[in-house]
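The values are calculated or read from the model by the stated rules, or taken from the named source; none is laboratory data. Note that the structure is a prediction, hence the values are computed from the model and not measured. Methodologically, a virtual Cβ is constructed for each residue, glycine included, from the backbone with ideal geometry; neighbour enumeration extends over all protein chains shown. Remember, those area values only see protein heavy atoms, side chains included, never the ligands or the DNA or RNA. Shrake-Rupley method; radii C 1.70, N 1.55, O 1.52, S 1.80 Å.
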Amino acid sequence: THGERPIPQPRAVVQRASVRGQILDALRTALVTGELAPGAVYSAPALGERFGVSATPVREAMQQLALEGAVEVVPNRGFRVVERGARELAELAEVRALIEVPVVLGLARSVPAERWAELRPLAEATVRAAATGCRATYAASDRAFHRAVLSLGGNEQLVQVADDLHRRAQWPMAGPGRSAGRGHAGLLADAAEHGALLDALISGDVGGVRALVGEHFAGAR
């Protein structure tokens with residue numbers, strides 16, 4: 001009608017959200033690889049220049065990372081990457097185990113073998129990712145496998161909470177213990193546990209599942 005205002009096209013908003021999402025993914029990758037060093041301060045304009053975008057989507061992405069606990073705001077300077085030690089990683093592993101272990105054990109008793117077999121490509125993808133030696137590549141495939149396992153329980157809220165904890169557990173440590181994280185061999189061993197876990201789940205070996213998931217989180221660093 002004549003009294004209605006025309007609805008604005010959302011193209012610019014969608015594009016901006018897309019850029020922010022791409023920058024957020026790039027920053028998360030840089031966090032996992034240690035390219036954004038723990039304790040270092042980065043400004044949105046400088047990062048924007050590096051990524052070839054304005055400071056706005058970078059600032060928005062960094063604010064999201066601040067909400068997730070990856071960085072903290074430094075007034076008039078930018079964002080500091082949070083320094084995390086071995087104790088925090090151990091605490092994250094403990095919380096993840098408290099959530100995921102009982103869920104996986106419950107699913108081991110209720111999910112049919114053919115459903116577990118469908119996850120084999122994801123487990124194999126983690127092995128290929130580990131073979132590259134790239135922490136960021138492995139981090140993405142590792143989370144994808146764990147999400148797929150937990151999704152079989154049908155609780156999307158649990159999947160989201162567990163994935164957030166998992167992502168935080170993948171950020172590197174600061175200080176002397178930083179180099180003690182999983183190297184190439186550690187990534188390969190971690191990925192191999194995914195295949196072994198699927199074997200136990202497919203065969204209905206609940207005892208084996210219990211042992212494997214316990215070892216998996218005990219070694220999560």
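Things worth noting here:
- Answer from GLU118, GLU49 - the residue that is modelled with pLDDT under 95 and either assigned by the TED database to the domain that holds HIS194 or not β-branched (Val, Ile, Thr) (or both): GLU49
- Residue within the range 88-102 that is at positive phi and either open to solvent by 40 Å² or more (accessible area, probe 1.4 Å) or modelled with pLDDT of 95 or more (or both) present: no
- Here GLU60 meets each of (1) more than 22 Å from ALA169 (Cα to Cα); (2) in a loop (DSSP other than H, G, I, E, B) with one exception, condition (2).
- Scanning the range 105-120 for residues that are surrounded by fewer than 16 Cβ atoms within 10 Å (Cβ to Cβ) and within 17 Å of the chain's Cα centre (by Cα) turns up nothing.
- Test: residue in the range 7-17 that is assigned to a helix (DSSP H, G or I), out of contact with any strand residue (DSSP E or B) (no Cβ under 7 Å at 6 or more places or on another chain) and at pLDDT 90 or above: no
- Complete set of residues in the range 90-139 that are in a loop (DSSP other than H, G, I, E, B), of a type outside the set (Lys, Arg) and in contact (Cβ under 8 Å) with a residue 40 or more places away in the chain: VAL111, LEU119, GLY133, CYS134
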